[in-house]
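The values are calculated or read from the model by the stated rules, or taken from the named source; none is laboratory data. Predicted model, so just to flag it, every value in this text is computed and none were measured. All Cβ positions, even for glycine, are placed from backbone atoms using ideal geometry, and neighbour counts span all protein chains on display.
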Amino acid sequence: MYALAHRSARLGFFLLIGASVAACGSFDGASSRLVSVVTPYRVDVVQGNFVSHEQVQALQPGMGRQQVRDILGTPLVTSLFHADRWEYVFTLKRPDVEAQTRKLTVFFKGDALERYEGDEMPTESDFVAGLDTRKGKHAIPSLEATEAQLAKYPAPAAAKAEPAPAEPARRYPPLESPAR
């Protein structure tokens, strides 16, 4: 009985070694399939100033440089040789997708906005919807509170102003020593 178990164990061991050697040939194919399923995370690269369609519509000829900066933000490119021109460039790079680049050039005459030209800019809601890479579309939440939501939080009561108690006038010693 002991000899039969010993032969069976030896046969099982050789079968195991044979199956392992046979599996080595198909291991390369399995590893490539595993690598194609498990990939490293590649981050989206966003560079520059995003300028929306709404911001461009707010520009009016004759606006000052500070007003334009308040609407569009600080320009990405300003040139010493072209002081009357600001460049707004925005680039979005995603893995496996062609890079998106949008440009807007703002021209000044003196300190007043003369004109602007550039690519067609997306609206803010279109841009945000385009950032969502999850499968399936989701509704963009509203960022404004309704009257019912505001009613849940009562307004803080105004603090009653109590008159401060009058302090007696203090007399301080003179800063200079008396004349000698």
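Looking at this structure, is Phe127 at pLDDT 85 or above and in contact with a Phe, Trp or Tyr (Cβ under 8 Å, 6 or more places away or on another chain)? In short, no.
Only residues that are under 30 Å from Thr39 (Cβ atoms) and of a type outside the set (Asp, Glu) were counted in region 90-124, giving 12.
Of note, Phe13 does not satisfy the criterion of being outside any helix (DSSP H, G or I) and either modelled with pLDDT under 75 or surrounded by 10 or more Cβ atoms within 10 Å (Cβ to Cβ) (or both). Return yes or no: is Val46 buried (at least 16 other Cβ atoms within 10 Å of the Cβ) and not acidic (Asp, Glu)? Here the answer is no, as Val46 does not meet what is asked.
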